[in-house]
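A short worksheet on the structure shown next.
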Amino acid sequence: MSSPIKLADHYNGEQCAISFELFPPKTDAGMDLLEKNVERLKAFQPSFFTCTYGAGGSTQSRTLDVVQRVRELTGLPVASHLTCVGSTVGQLGEYLAEAKRRGADYIVALRGDPPKGSESFQAVEGGLRYANELVELIQERFPDQFGIAVAGYPEVHQEATDAQTDLDNLKRKVDAGADVIVTQLFYDNDDFYRFRDACQAAGIRVPIVPGILPVTNYKQALRIAGMCKARIPDQMAAAMNENDDADYQFKVGVDHARVQTIDLIENGVPGIHYYVLNKSDAAGQMLDGLSLGMQS
Ligand SMILES: Cc1cc2nc3c(=O)[nH]c(=O)nc-3n(C[C@H](O)[C@H](O)[C@H](O)COP(=O)(O)OP(=O)(O)OC[C@H]3O[C@@H](n4cnc5c(N)ncnc54)[C@H](O)[C@@H]3O)c2cc1C
């Protein structure tokens, strides 16, 4: 019998493991560019890549194309994100079977956001209401066949009534069989450290991996922070606001992510997940000279 597939195994080493998150491009030209950037990102020795599912209105069918292609290109493990949005349990099961067939090693199991224009998330008939139910489904239908990551929120999920309830709900996902938590992006590491302490106090024992986005301009920082409800620290906002020159803003954003990275390593994180938005320039500059990733 083969041993269970565990995502947590990447975080056992002494070196801080890194992973890169991609999204499915809408066009063939976008796919070509993604392939070039994946080749460049591979040089930073990531432990694995992930590809989002339906985020920001992107097509769901292309997620597994990206998973398969990145696996072929890099030979590295790849995770498919999967949400409960618009799918019955039967359709989720079919997706998981197809993901397995096309080489996905891990699943990032999510509930997903309410569709544009809806105030709250509504499960479809025969669908699932929360991410913990998706984790249960994966473990029931594909026991030990996927490593499973779930989402954690250092600044508390926007729909949660309070931080403790959000944490109790996070623990449900871990108890259902998730073996890693990857966090929503944040710009102030203190938010992450508070969250990590609270997870420990709540008895959550799986690796907690911070999610970092190297922003490249202030407009983008505001847009993404608005979407994810992440707070932009005053100092970062002031620095980015100082000058609207594109190169200047790129440098401030990348420097901020680099300072966050160094501080996180000094504070003992087992790994960092980078939201690279299918690009490689910002990640390249941010990681340049830092000794991260898998040891060769
Ligand atoms: C690392 C990461 C990757 C992501 N990738 C994608 C992606 O690919 N595609 C995409 O569309 N979105 C993605 N998202 C966004 C995510 O879908 C949203 O943040 C969504 O609003 C919540 O998803 P979740 O899995 O955290 O939901 P859940 O864990 O289900 O939580 C949703 C809300 O319900 C509450 N809750 C949870 N369980 C229960 C329960 N059993 N009973 C009562 N209340 C409960 C929680 O406290 C929370 O407020 C990602 C987010 C992160 C952090």
Say whether the condition of being acidic (Asp, Glu) and crowded, with 16+ Cβ neighbours inside 10 Å is met by at least one residue in region 12-34.
yes
Of everything in region 1-22, what is more than 15 Å from Ile107 (Cβ to Cβ) and β-branched (Val, Ile, Thr)? Give them in sequence order.
Ile18
Any chance region 33-40 includes a residue that's within 15 Å of the ligand (Cβ to nearest atom) and of a type in the set (D, E, K, R)?
no
Across region 83-108, what is the number of residues that are of a type in the set (Phe, Trp, Tyr) and over 11 Å from Tyr53 (Cβ atoms)?
1
Residues that are assigned to a helix (DSSP H, G or I), surrounded by 21 or more Cβ atoms within 10 Å (Cβ to Cβ) and of a type in the set (Gly, Ala, Ser): does region 256-268 have at least one?
yes
Tally of residues being assigned to a strand (DSSP E or B) and crowded, with 16+ Cβ neighbours inside 10 Å across region 67-94:
6
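When you scan region 54-63, do you find a residue that is modelled with pLDDT of 95 or more, open to solvent by less than 50 Å² (accessible area, probe 1.4 Å) and of a type in the set (S, T, N, Q), even just one?
Taking every residue of region 54-63 in turn, at least one turns out to be modelled with pLDDT of 95 or more, open to solvent by less than 50 Å² (accessible area, probe 1.4 Å) and of a type in the set (S, T, N, Q).
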Could you grab the pairs with beta carbons closer than 6 Å, sequence gap of 6+ or different chains, first residue in region 139-155 and of a type outside the set (Asp, Glu) and at pLDDT 95 or above, second one away from the ligand (no atom under 16 Å from the Cβ) and outside any loop (DSSP other than H, G, I, E, B)?
Arg141/Gly93
Is at least one residue of region 187-196 free of Cβ contacts under 8 Å to residues at least 60 places away in the same chain and within 8 Å of the ligand (Cβ to nearest atom)?
no
Looking at Ala131, is it within 16 Å of the chain's Cα centre (by Cα), small (Gly, Ala, Ser) and closer than 24 Å to Lys229 by Cβ?
yes
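For region 95-120, name all the residues that are more than 24 Å from Ser3 (Cα to Cα) and buried (at least 16 other Cβ atoms within 10 Å of the Cβ).
Going residue by residue through region 95-120, those that are more than 24 Å from Ser3 (Cα to Cα) are 110-120.
Answer for region 95-120, where residues must be more than 24 Å from Ser3 (Cα to Cα) and buried (at least 16 other Cβ atoms within 10 Å of the Cβ): Leu110, Arg111, Gly112, Asp113.
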Would it be correct to say that Asp188 is among the acidic types (Asp, Glu) and under 23 Å from Glu35 (Cα atoms)?
no
Matching residues in region 189-209 (open to solvent by 40 Å² or more (accessible area, probe 1.4 Å) and either of a type outside the set (Lys, Arg) or part of a helix (DSSP H, G or I) (or both)) number 6
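Of all residues being part of a loop (DSSP other than H, G, I, E, B) and farther than 27 Å from Ala151 by Cα in region 210-254, which is modelled with the highest pLDDT? Just the residue, please.
The initial filter retains those residues of region 210-254 that are part of a loop (DSSP other than H, G, I, E, B), namely 213-217, 229-233, 242-245.
Okay, now just the ones that are also farther than 27 Å from Ala151 by Cα, so 242-245.
On the way: Glu242: 91, Asn243: 90, Asp244: 90, Asp245: 94.
Among those residues, the one meeting the criterion is Asp245.
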Would you mind telling me which numbered condition in (1) more than 12 Å from the ligand (Cβ to nearest atom); (2) more than 20 Å from the chain's Cα centre (by Cα) Lys116 fails?
(1)
Among residues belonging to region 141-184 that are among the small types (Gly, Ala, Ser) and surrounded by fewer than 22 Cβ atoms within 10 Å (Cβ to Cβ), point out the one that is farthest from the ligand (Cβ to nearest atom).
Gly177
Close pairs from region 198-222: first within 13 Å of Met236 (Cβ to Cβ), partner assigned to a loop (DSSP other than H, G, I, E, B), Cβ under 7 Å, at least 6 apart:
Ala221/Val215; Ala221/Ile232
Answer yes if at least one residue in region 85-105 is within 10 Å of the ligand (Cβ to nearest atom) and within 26 Å of Phe20 (Cβ to Cβ), and no otherwise.
yes
Please go through region 219-246 and give me each residue that is open to solvent by 20 Å² or more (accessible area, probe 1.4 Å) and in contact with a helix residue (DSSP H, G or I) (Cβ under 6 Å, 6 or more places away or on another chain), ordered by number.
Ile232, Ala239
Here is a check on your reading of the model: is Glu133 open to solvent by 20 Å² or more (accessible area, probe 1.4 Å) and not in a helix (DSSP H, G or I)?
no
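The values are calculated or read from the model by the stated rules, or taken from the named source; none is laboratory data. The model shown is predicted, which means the values in this text are computed figures rather than measured ones. Please note: Cβ atoms are built from the backbone with ideal geometry, for glycine as well, and neighbour counts cover all protein chains shown. Protein only, heavy atoms only, side chains kept; ligands, DNA and RNA dropped before computing areas. Shrake-Rupley method; radii C 1.70, N 1.55, O 1.52, S 1.80 Å.
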